[in-house]
Number of protein chains: 8
Amino acid sequence: MLDTPKVAVIMGSDSDFDVVKKCLIALERFGIEYDVQVISAHRNPQKIFEYATTAEERGIEVIIGAAGKAAHLPGVIAGITPLPVIGIPIQTSFQGGLDSLLSIVQMPAGVPVATVAVNGAENAGILAAQMLSIKYPEIREKMKAYKILLNDEVVAKNEKVQEIL
Amino acid sequence: MLDTPKVAVIMGSDSDFDVVKKCLIALERFGIEYDVQVISAHRNPQKIFEYATTAEERGIEVIIGAAGKAAHLPGVIAGITPLPVIGIPIQTSFQGGLDSLLSIVQMPAGVPVATVAVNGAENAGILAAQMLSIKYPEIREKMKAYKILLNDEVVAKNEKVQEIL
Amino acid sequence: MLDTPKVAVIMGSDSDFDVVKKCLIALERFGIEYDVQVISAHRNPQKIFEYATTAEERGIEVIIGAAGKAAHLPGVIAGITPLPVIGIPIQTSFQGGLDSLLSIVQMPAGVPVATVAVNGAENAGILAAQMLSIKYPEIREKMKAYKILLNDEVVAKNEKVQEIL
Amino acid sequence: MLDTPKVAVIMGSDSDFDVVKKCLIALERFGIEYDVQVISAHRNPQKIFEYATTAEERGIEVIIGAAGKAAHLPGVIAGITPLPVIGIPIQTSFQGGLDSLLSIVQMPAGVPVATVAVNGAENAGILAAQMLSIKYPEIREKMKAYKILLNDEVVAKNEKVQEIL
Amino acid sequence: MLDTPKVAVIMGSDSDFDVVKKCLIALERFGIEYDVQVISAHRNPQKIFEYATTAEERGIEVIIGAAGKAAHLPGVIAGITPLPVIGIPIQTSFQGGLDSLLSIVQMPAGVPVATVAVNGAENAGILAAQMLSIKYPEIREKMKAYKILLNDEVVAKNEKVQEIL
Amino acid sequence: MLDTPKVAVIMGSDSDFDVVKKCLIALERFGIEYDVQVISAHRNPQKIFEYATTAEERGIEVIIGAAGKAAHLPGVIAGITPLPVIGIPIQTSFQGGLDSLLSIVQMPAGVPVATVAVNGAENAGILAAQMLSIKYPEIREKMKAYKILLNDEVVAKNEKVQEIL
Amino acid sequence: MLDTPKVAVIMGSDSDFDVVKKCLIALERFGIEYDVQVISAHRNPQKIFEYATTAEERGIEVIIGAAGKAAHLPGVIAGITPLPVIGIPIQTSFQGGLDSLLSIVQMPAGVPVATVAVNGAENAGILAAQMLSIKYPEIREKMKAYKILLNDEVVAKNEKVQEIL
Amino acid sequence: MLDTPKVAVIMGSDSDFDVVKKCLIALERFGIEYDVQVISAHRNPQKIFEYATTAEERGIEVIIGAAGKAAHLPGVIAGITPLPVIGIPIQTSFQGGLDSLLSIVQMPAGVPVATVAVNGAENAGILAAQMLSIKYPEIREKMKAYKILLNDEVVAKNEKVQEIL
């Protein structure tokens, strides 16, 4: 059922790949197929327009956009598609990425972008899974198991700290 | 099918109601039933824990949390529920709400909050509708119609400006 | 020679008109015809794409874009057209418009936007005139006269202050 | 009298341990027993709720919470316990930890968190000692001796600088 | 037992009184006697030195300092006294009081100031009560009652919102 | 036709040269001759006044100024010459160059500086080329070819990423 | 001896006069003659150059410059004259005047501007008096009296607050 | 005439010495004797009070204070002495030293601190020399020579850049 890509992961530059990889790993954890693309909102305007226009009919259900600086990519996509769009602000040398964050999160009324933390690629993948879990019960089950795992990991770390002290 | 609440809208203080109203209007535009609650993460810790724990079994599919200053509400909810959580940073007198924005968007790995703009309550409602549209085709159709409406409204405004000049 | 519009002035929302008016007055001071449009990068994606693609062939030589918050308009235009693009960051309630400023000025390599001050609409008009003055000597002459006027105005103000004291 | 833990030191992640260590050393300087825990407000919501609820009856008199980014830990604890809570904002790559600082210090009315500087773990320990010194005269005496020591250390450093010059 | 002042509330300027009043009301709620003073760290350096030096012997157990802009008052006091010092950053027209906040919270190692939110005078009073509750069980009981009251107030507000909808 | 310098590139310090080099390479890409100068607005006030006053008569058509910290260079030039002036804010250790950016972009009405991103030297060169392309059709043609190249480069990078996955 | 102007007070715009007035009142308090000028660094570049070049020979001993936004005035003056230059950053709607502050205070090595607080015109006048008091013993005496006055004013205010309570 | 110290250079911590050294070198350039001290406003409150109180009678004419984070040192000194006080904000890991800068520059009315750039120790020395040059003509002469040197250095650097190109 999830064997065709449900999530599109688009980055504005291949230099964002190291950050975006954590998003892909998160999607894989929930067994979600994805389509990865390097498309720049500013350098490939025609291509991003076409990709976003046709995403829904190709079976994409959530689009994730990662970009830095004047990070227009997720907002441009959100202006075109009716699908939910998640934005990952890439860290920059300007105030730790405040430029990326504000360019993505401060969208005007009518066109939301679901923004995660600066460099929060892993959370973008988890958020996409949470969105899909509205429709796909098997992802919801995996999400519940994941939350137990999160809890257990910290408990284990706590035990290690107790041993040190 | 949408006659029981699918979206929970929780605000940390009743003083946030003026902003949150726009979220409710947006949900109504897409025919989405909602449950509104005033619950503070800091003043009603037991209640927020119980509400978030039981939301899924009561049929809630998306939770929206609005809060200001050290705005922990959406993040606290996201730590408890497997559902997708949307955060609305309420504007404050501190740098236009930078405190609210950072307290909501900068979530650590594992627990995302889908953050909209400061005071972006309308967009929170639209984003919830986009998430639900993954499962409910009738909301997707309304979303497409809404995007055409958005376009037409600006076109109409442009015509008025042309007349003035 | 300047009787067809040489400058396009595009604003993302008609609420920006009060600020943008100062840009139009500045262009008129230099006898420069302009074309004003309300087009949103997010609500009219198809229209902004078409407008920017065809601007050069319609005789436009400089494009000015004004937008607020996650202000993508000037950057989106700059991604499409080979013409110089000037960006006006509209003031917001978030840190005095830092969101608009960073969304416009922090463009990635390859696609510049000539950014003026927050709400610097008058300067956007003057900058467009300076760009056109490279080609049109009559605008250069007006620019020189304008700089003398600027000087004289402050000198006159100084005289008034001397009288008060 | 101080042989059971009077201070709980809770960190949101074991990666905060290097910073938190300075807090433990400070507590030891004043002969104060402590209980260290790694508990995440977002990953162990049930556990943090239980820990904070029962802290007072276990003899804890001050709780210190250290967390970074959207740092909800100290605020969540302060919402549950009647004990004084100290917050340590952990430095991040985002504006030097402004996100951590604002998430901790900007608490709404009714639920204070006594916030120290970014990475101010040593001061958190000293502040806890000052709070306890209200009740325990032997800690007050040590605090007075410590302030003399602080003075003497700088005087000694000054002498070294005088020798260099 | 609490009939002599246990808390000193010092403000740098009488213009801070409107904010500081909420601190006094909070202290009164917990039955805590206080001594209010207007003393400027910069204009009354001798007086602040003497006040802070002798506070402990006059029975003061917690000192609260409120100041704005380059807000040195709480830090200067903390450098002199072994008592715990709480700092209230007063809101300014500069970035909502970021100057006051950083001047108070970013204290160097060895000399902590327990900082509350910008204009968080009410919380300063509550925090002082929490510190005193370490020693005085009757304040602890009032604190527990206060937390129940906080909870009940929000529950009541929630009921009102339910009625409106 | 372009064999005498059309663009002046002035930097406030030779330490800015590493950043400014990208501007020169960009100008060369469009076949534009340039004149490079190290002139400080603060250390060579007489020289910058003379250079800016005589630039137009020497055939300069665009002036680019690069400076850091309290970066007055581009604004001072813009106050003197009727030519369009481009400002490059050099990155500093203060908030990633916010000082440089604000000192350049926030020019008062009457005297614009066309500001590019922090360290956006390459874009400054491209923007100068776009301004000159208003007059010189051969630069316009190169600009169109450059935009195709930009698109193709990202397409090629996308293909590489597809191969990796 | 002080009957010819010793201090020049230059503002970039007559709109700054309301703020600058407090500087003049402060100078008068210390019996210091001043010369007030409205000269813009950007609109009167020739005039500011001449004024700063000849200030010393006209008997000026300290220059105060007030400006807002990209506030180059004090730095430009400091680049020309060997006299000490004081800068007053005028408050703006951008982050409470952060643009003015950074444009004035972040001067590069070699050319200092003695910067006071945003809108700190009164302090600029006092600082000028302190500088002059190095040479003129009568101003030093007035400064000592002024510091006693400052102390007494706060003491009086404290007494009023004591009466209210 | 200048053989006893005219300038006191006080740093809050010996870790500031690397930055402060540039101030001493600048003072030496102008032949100005100085007294260097490590005195912390928070750790040596008594000592700083005494030093500042007696500075004038010991022949000190200008006091320079360097401090970081909640940098109270220069302001505390300025509250005590009638002498002009220069503040050097030491760079920190928090927003490049914004905490130090605001703690020093944002002084309340009545008590100015002449603030230089973050880490601007060299400029603090030059500013002290400019202040002293009001009284001592030989320092004024050296200042004029220094400004010529500054100019010549950049001219020489420009020539080197011309050779490279």
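The table that follows gives values for the structure above.
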item	result
Residue check for H:ILE164: of a type in the set (Val, Ile, Thr), out of contact with any strand residue (DSSP E or B) (no Cβ under 8 Å at 6 or more places or on another chain) and buried (at least 20 other Cβ atoms within 10 Å of the Cβ)	no
Tally, over region G:81-129, of residues that are in contact (Cβ under 8 Å) with a residue 24 or more places away in the chain, on the phi > 0 side of the Ramachandran plot and among the small types (Gly, Ala, Ser)	1
Some residue of region C:24-34 being touching a helix residue (DSSP H, G or I) at 6+ places or on another chain (Cβ under 8 Å) and within 11 Å of chain A (Cβ to nearest Cβ)	no
Subset of region D:39-64 (residues that are closer than 26 Å to A:LEU98 by Cβ and within 17 Å of the chain's Cα centre (by Cα))	D:SER40, D:ALA41
Subset of region C:125-151 [of a type in the set (A, V, I, L, M, F, W, C) and within 23 Å of F:LYS6 (Cβ to Cβ)]	C:ILE126, C:LEU127, C:ALA128, C:ALA129, C:MET131, C:LEU132, C:ILE134, C:ILE139, C:MET143
Conditions (1) out of contact with any Pro (no Cβ under 9 Å at 6 or more places or on another chain); (2) under 30 Å from A:THR115 (Cβ atoms); (3) surrounded by fewer than 24 Cβ atoms within 10 Å (Cβ to Cβ): number failed by D:PRO45	(3)
Some residue of region F:104-114 being at the interface with chain C (Cβ under 7 Å from one of its Cβ atoms) and touching a strand residue (DSSP E or B) at 6+ places or on another chain (Cβ under 7 Å)	yes
Region G:115-146 - residue that is more than 8 Å from chain H (Cβ to nearest Cβ) and outside any helix (DSSP H, G or I) and, of those, farthest from H:ILE80 (Cα to Cα)	G:ASN119
Test: residue in region A:31-47 that is aromatic (Phe, Trp, Tyr), touching a Leu at 6+ places or on another chain (Cβ under 9 Å) and modelled with pLDDT of 95 or more	yes
Of all residues in region B:1-37 being part of a strand (DSSP E or B) and crowded, with 24+ Cβ neighbours inside 10 Å, the one that is nearest to the chain's Cα centre (by Cα)	B:VAL9
Of the criteria (1) surrounded by fewer than 24 Cβ atoms within 10 Å (Cβ to Cβ); (2) assigned to a helix (DSSP H, G or I), which one D:SER93 fails	(2)
From A:LEU101, A:LEU83, residue being under 17 Å from C:GLN95 (Cβ atoms) and either of a type in the set (A, V, I, L, M) or more than 9 Å from chain B (Cβ to nearest Cβ) (or both)	A:LEU101
C:VAL154 being farther than 17 Å from F:ASN123 by Cα, in contact with a Ser or Thr (Cβ under 8 Å, 6 or more places away or on another chain) and at pLDDT 95 or above	yes
Number of the exception - H:PHE94 against (1) more than 9 Å from chain G (Cβ to nearest Cβ); (2) in contact with an Asp or Glu (Cβ under 6 Å, 6 or more places away or on another chain); (3) within 30 Å of D:GLY120 (Cβ to Cβ)	(2)
Number of the exception - E:THR54 against (1) of a type in the set (S, T, N, Q); (2) within 14 Å of chain H (Cβ to nearest Cβ); (3) closer than 20 Å to E:ILE139 by Cα	(3)
Residues of region G:58-77 classified as more than 7 Å from every other protein chain (Cβ to nearest Cβ) and either free of Cβ contacts under 8 Å to residues at least 60 places away in the same chain or in a loop (DSSP other than H, G, I, E, B) (or both), total	10
Qualifying residue in region D:150-158 (condition: among the aliphatic types (A, V, I, L, M), within 7 Å of another protein chain (Cβ to nearest Cβ) and within 17 Å of D:GLU33 (Cα to Cα))	no
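The values are calculated or read from the model by the stated rules, or taken from the named source; none is laboratory data. All values reported here derive from a predicted model rather than from experimental measurement. Reconstructed Cβ throughout: ideal geometry from the backbone, glycine too, with neighbour counts over all protein chains shown.
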